[in-house]
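Report on the following structure.
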Amino acid sequence: MALVGLYGCASTPQSQTVRICDDQGCSDRPRNSSTFTPESSISPEEKLKIQQLTALAEKDPRAAFDLGLRYFRGDGITRNTYQALTWMRHAAEHGDVDAQLAVGRFYLMGLEEMGSDPAEAESWLSLAASKGNQEAQNLLKQAQEAKKNEVEYRRWLNLYRPYWHGYWYSGYAYRSYWRGSSWYFY
């Protein structure tokens, strides 16, 4: 039986299955099935590297910064913005100025599922700015203005957000590198 659509056009009900072809062949599967498992795309060597970096990150803010950045970028690990913010905050809380700037930027611009929070951004950017970070000083002004005028802030946010995402890939550098079987810091 055909259903009458929005403009009086006949339409057929949407099927509950979809045809999926993968390395196991083709088959009809429920529409809500998932065929991609990100963890399976990470090699055992990459998993070992991240385990070691995580252990270092517990004690060293530089490693926590790198781990947060790797989670944000999905570099050698499944991309996870919650973990990115958690590790970046860990580094920031332990005095890492670049991490304080990064956390301030996360809160100022919003982070995918997390909306922006100018007041929280102001706190983190103030810390980095007090240590002489020029970029934090500039963003701090934006956070303070955002608290005063929501409409202007949204305009500014919509203007700069597209550039901001790319900045995470070019503006922030890792501080460690993997050689042989260990992490080394610059």
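Only the coordinates and a few stated rules stand behind these numbers; no lab work does. These numbers come from a predicted model, not from an experiment. Every residue, glycine among them, receives a Cβ derived from its backbone with ideal geometry; neighbour counts consider all protein chains shown.
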- Note, Ser181: beta-carbon cut-off 12 Å, +1 each Lys/Arg, -1 each Asp/Glu, net +1
- Mind checking the full-extension length gain between Gln134 and Asn80? Use 0.36 nm per residue of separation minus the Cα-Cα distance, one decimal, nm. 16.6 nm
- Item | Calculated FRET value between Glu58 and Thr17, using beta carbons and R₀ = 30 Å, to 0.05 | 0.05
- Per-peptide average of other Cβ atoms within 10 Å, ordering 151-163, 95-107 highest first: 95-107, 151-163
